[in-house]
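Q: Quick one: the structure is below, questions incoming.
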Amino acid sequence: MAAPATDLDSTATDDAPAAYLDLMERYARVSHLESGSGVLYWDQQVTMPEGGTAARGKQLSALSATTHEKLTGEAMADALDAAEDADLDAERAANVREIRRRHERNRSVPESLVEELTEHRSHSQQVWKEAKAEDDFGRFAPALSTLRDLHVDRAEAIDPGRPAYEVMYEDGEPYLPLARLEEIFEELKDGLVPLIEEIAASDADLASPFVEAGPYDDDTQRGLSEAVLDLLNYPADRGRLDVSAHPFTSGNQFDARITTRFKPEDPMDAFTATVHEFGHASYELGLPDGRFGEPLGASLSSGVHESQSRFWENHVARTEPFWEGFVGEANDHLGTDATAREAYEAVNQIYPDNLIRVEADELTYHLHIVLRCEIDRAFVEGDIGVEEIPRVWNERMDEYLGVTPDTDAEGCLQDIHWSSRFAAFQGYTIGSVLAAQLDHAMREDLDDVDAKIRNGNLRPLWEWMTEHVHRHGRRYPTDELVEEATGEPLTAEYFLEYVEEKFGELYDL
C-alpha cells in the first residue's frame with residue numbers, strides 16, 4: 001500500500017512522464033542533503049560548542065562530497081538527457097532547466113576540491129569568530145588566503161575561459177549579469193553621494209529616544225523582537241528566534257529559523273535585524289510546500305532574497321505608519337515614552353561616520369557594499385594581497401564615508417561572509433533596489449498599504465509577495481521574475497525616488 005500523501009509530496013507529478021519523475025527523484029536527494037547541511041550550519045553558528053568545529057567540518061565535507069557526486073554523476077546526466085526529450089509543460093521544463101544548469105556548472109569540479117573547500121569553510125568561520133573577538137586580522141589572514149585560492153580553483157574548474165570573480169558572482173546571482181549590476185551601482189553612486197552630502201550639511205536634529213533611555217538587557221530586547229515577530233505573523237511552528245554573532249536566516253518552507261544579536265545601548269539594532277531576517281524567512285516560508293526538494297520549491301537568488309528582507313525592514317518597519325501603530329508596544333517593552341514621530345526619526349537617522357555595515361542606514365549602507373565589492377574583487381583577482389586588506393579597507397572607509405576604524409574588528413573583520421564565499425555582497429544592493437520596485441508595484445495593486453501597516457494588518461503584504469515572488473521559486477530567471485512581479489525590468493529609479501522623498505522630508509532638504 002502506498003504511503004499517505006504529505007505536504008512534502010509534489011503537487012504536480014500525477015501525469016508526469018516517467019523520465020521526468022526519475023530525474024526529480026534523483027534531484028530531491030541532492031536537495032535534501034543540502035537542506036540537512038543547512039541545519040548543521042545553523043547549529044554551528046547558534047548552539048554548537050566551540051570545540052566541535054573540527055568534527056563539524058568533516059561532517060559537512062562528507063555531505064558536500066555526497067551531494068556533489070549525486071548532482072554531477074553519470075546517472076544524473078542520463079536522467080537529464082531523458083527528461084529533456086520528454087514532453088514537458090513550462091513548470092516542469094523550468095525544473096529541468098535549473099537542474100541542468102547546476103549539473104553542468106559543477107560537473108567539472110573535482111570531488112576532492114568540494115570536500116576540501118567545505119571543510120576549510122567550516123574551519124575559517126571559527127577562525128574568523130576568534131580573530132574578530134581578539135581584534136587580530138593576522139590570525140584570520142592565512143585561512144582567508146587559502147579560502148580564496150580554493151574558490152579560485154573551483155571557479156577555474158567551472159569555466160577556465162572567464163574571470164574567476166565573475167564565475168563566483170554567478171553562484172549567488174545566476175541570471176543578473178555583473179555588467180548590469182555595475183551600471184546600477186553607478187546610478188546609485190550618482191544619486192546617493194550628493195544626497196548624503198546634503199544630509200550631512202542639514203541642520204535637522206532627529207530624535208533618538210531609545211538610545212537616550214538605555215542600556216537594555218538581552219531579555220528586554222528579546223521581548224521586543226518577539227513582539228514584532230508576532231505582529232509580522234511569523235509562525236511559531238515553522239520558525240524560531242536565536243542569537244548569533246552575525247544575524248542570519250536558515251531553512252526552507254517548513255523550517256525557517258532566524259537569529260539576531262543585542263546591543264545594550266541601541267535596541268533598534270536588534271529590532272531592525274530581527275525584522276530583516278524575518279523578511280528572509282518570509283521568502284522561504286512562502287515557497288510552495290508541495291515543491292519541496294525541487295528547484296520550483298527553492299529561492300531564486302541572493303538579490304531576490306535580499307529584496308524580501310529589505311522590503312520588510314525598510315518599507316514596513318522603518319515607515320511612519322508602522323510606528324504610529326507599534327510605538328506603544330515598543331514603549332511598553334523598553335520603558336520609554338517615545339512618540340510615533342520620534343520613533344520614526346530614530347530608526348531613519350543617517351550616520352555617514354558609522355563603521356558597521358549591518359548598523360548602517362539606508363543610504364550609506366550602499367557605500368559599505370561598494371567598498372566591500374571593490375576589495376573583494378581586487379583580492380580575488382590578485383591586485384591586493386591578504387596582508388593589504390586592513391590598509392585598503394581603512395583607506396576606502398575614509399574615502400567613501402569619511403571615517404577610519406580604530407580596530408580591525410570594526411573594520412575588515414566585521415562581516416562573516418569572507419569566511420565562506422566571495423563575490424556575494426552585490427546581492428544586498430540588488431535587494432534594496434528590487435525592494436523599492438516591488439513596494440511600488442504592491443502599492444499599485446493593494447488599497448492603502450500605509451493604512452494596513454498602521455493597523456498591523458500585514459498579512460496582505462506577505463500574501464502579495466508570495467503571489468508575485470515566493471510561489472514561483474526558480475521558475476523564472478531574475479529578469480523575467482522582476483517583470484512578472486512588477487511589469488517592468490529591474491531599475492534603480494524607484495529606489496532613488498523613494499530615498500529622495502523620504503529623507504528629503506526627514507532632513508528638510
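Q: Lys pairs in the chain, Cα-Cα under 20 Å, at least 8 apart or on separate chains: how many?
A: 6
Q: If you fit an axis through the alpha-carbon atoms of helix 459-468 and take the longest principal axis of the Cα set of the chain, what angle between them do you get, 0 to 90°, nearest 10?
A: 40 degrees
Q: Next up: Work out the charge dipole of the chain with +1 on the Cβ of Lys and Arg and -1 on the Cβ of Asp and Glu about the Cα centre, then indicate which of His333, Val152, Ser202 is farthest towards its positive end.
A: Val152
Q: Starting from 0.36 nm per residue, how many nanometres of slack lie between Ala204 and Glu484 once their C-alpha separation is accounted for?
A: 96.7 nm
Q: What does the charge dipole of the range 18-161 about its Cα centre add up to, to the nearest 20 debye, if the Cβ of each Lys and Arg holds +1 and the Cβ of each Asp and Glu holds -1?
A: Result for the range 18-161 is approximately 380 debye, rounded to the nearest 20.
Q: Just going by the charge dipole of the range 319-448, with Lys and Arg at +1 and Asp and Glu at -1 on Cβ, which of Thr429, His417, Trp323 is farthest out on the positive end?
A: Ranked along the dipole, the leading option is His417.
Q: Compute the long axis of helix 389-401 from its Cα atoms, compare it with the longest principal axis of the Cα atoms of the chain, and write down the angle in degrees, 0 to 90, nearest 10.
A: Between helix and principal axis, roughly 50 degrees.
Q: With the Cα gyration tensor of the range 18-161 giving a ≥ b ≥ c as the square roots of its eigenvalues, does the rule (a/c under 1.5 for rounded; else a/b larger than b/c for prolate; else oblate) give rounded, prolate or oblate?
A: Since a/c reaches 1.5 and a/b is larger than b/c, the shape of the range 18-161 is classed as prolate.
Q: Please get the size of the charge dipole for the range 380-454, origin at its Cα centre, with Cβ charges of +1 on Lys and Arg and -1 on Asp and Glu, quoted in debye to the nearest 20.
A: 260 debye
Q: Let me ask something else. Okay, helix-only estimate at 222 nm for the chain: each DSSP H run of n ≥ 4 adds -39500 (n - 2.57), divide by all residues, round to 500 deg cm²/dmol; what do you get?
A: -20000 deg cm²/dmol
Q: Treating the angle as unsigned and between 0 and 90°, give the value, to the nearest 10°, between the Cα long axis of helix 218-231 and the longest Cα principal axis of the chain.
A: 70 degrees
Q: If you put +1 on each Lys and Arg Cβ and -1 on each Asp and Glu Cβ, how big is the dipole of the chain around its Cα centre, in Debye rounded to 20?
A: The dipole magnitude comes to about 1700 debye.
Q: Which parts of the range 95-118 would a label at Asp153 reach, counting a residue when its backbone N lies under 12 Å from a point 7 Å out along Cα-to-Cβ?
A: Only 110-118 fall inside the zone, counting backbone N under 12 Å.
Bear in mind that the values in this text are calculations on the coordinates, not laboratory data. All values derive from a computational prediction rather than experimental measurement. Here Cβ is always computed from backbone atoms with ideal geometry, including for glycine, and neighbour counts include all displayed protein chains.
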